[in-house]
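Novice: Quick one: the structure is below, questions incoming.
The values are calculated or read from the model by the stated rules, or taken from the named source; none is laboratory data. In this text the structure is predicted, and so the values were computed from the model without any measurement. Cβ placement follows ideal geometry from the backbone for every residue including glycine, while neighbour counts extend to all protein chains displayed. The protein model used for the area step is the full one, side chains on, heavy atoms only, and it has no ligands, DNA or RNA in it. Shrake-Rupley method; radii C 1.70, N 1.55, O 1.52, S 1.80 Å.
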Amino acid sequence: MSDVEPIPVPIGLREAGRALWESLAAQVADDGLVLDAREVETLRQACATADDLARIEQVLGSVDNLVVKGSQGQPVSHPMLSEARACRQQIATLLARLALDVPAEGVAPAVRGPRSVQARRAANARWQGRGHRGA
């Protein structure tokens, strides 16, 4: 357990966004990480997109048929299907940008106290190159 407090949930997030925020903020705090302002904004965007996805999925859940008529009367996929897919991709992209995975054992020495994700990445890069330099 870490001394880092979870980041408070931003105003305006709905149920799905709040759930994602609370889950990730708790993970970040437990790992002893501190997100910088850009990372907090990236997380907020991912959570807002999760809210959008929840609303889209609610619409899709209420329709009887996921195939609708196109402009020429041809059968086409419901337009909200592609929007849901785009939201899922956007959430994945934003969360990947945070790179919150914990480094493998032995990659970098244990550091006490809060640290930013960028600082952790820099330390890992230095430690991974250790021993590969000329003597």
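Novice: Which of the residues spanning the stretch 86-112 are at pLDDT 55 or above, open to solvent by 70 Å² or more (accessible area, probe 1.4 Å) and touching a helix residue (DSSP H, G or I) at 6+ places or on another chain (Cβ under 8 Å)?
Specialist: Across the stretch 86-112, the qualifying residues are 88, 90, 97.
Novice: Please enumerate the residues belonging to the stretch 9-19 that are touching a residue at least 12 places away in the same chain (Cβ under 8 Å) and either of a type in the set (Val, Ile, Thr) or loosely packed, with under 15 Cβ neighbours inside 10 Å (or both).
Specialist: 9, 12, 14, 15, listed by residue number.
Novice: Moving on to the next point. Would you point out the residue of the stretch 40-64, among those that are open to solvent by less than 80 Å² (accessible area, probe 1.4 Å) and more than 30 Å from residue 5 (Cα to Cα), that is modelled with the lowest pLDDT?
Specialist: First, the residues of the stretch 40-64 that are open to solvent by less than 80 Å² (accessible area, probe 1.4 Å): 40-43, 45-54, 56, 59-61, 63.
Checking the rest, the ones that are also more than 30 Å from residue 5 (Cα to Cα) come to 56, 59-61, 63.
Numbers: 56: 96, 59: 94, 60: 94, 61: 93, 63: 90.
Restricting to residues being open to solvent by less than 80 Å² (accessible area, probe 1.4 Å) and more than 30 Å from residue 5 (Cα to Cα), the top hit is 63.
Novice: Now, a different point. Considering each of 73, 32 in turn, give the residue that is on the phi > 0 side of the Ramachandran plot and at pLDDT below 90.
Specialist: Sole residue among the options that is on the phi > 0 side of the Ramachandran plot and at pLDDT below 90: 32.
Novice: Additional query: Against the definition (in contact with a Phe, Trp or Tyr (Cβ under 6 Å, 6 or more places away or on another chain) and either modelled with pLDDT of 90 or more or open to solvent by 50 Å² or more (accessible area, probe 1.4 Å) (or both)), how does residue 67 come out, yes or no?
Specialist: No; evaluated as a whole, the condition is false for this residue.
Novice: Something else: Of everything in the stretch 1-26, what is closer than 17 Å to residue 91 by Cα and part of a helix (DSSP H, G or I)? Give them in sequence order.
Specialist: Selection gives 15, 16, 17, 18, 19, 20, 21, 22, 23, 24, 25.
Novice: Open to solvent by 10 Å² or more (accessible area, probe 1.4 Å) and at pLDDT below 95, is that true of residue 26?
Specialist: yes
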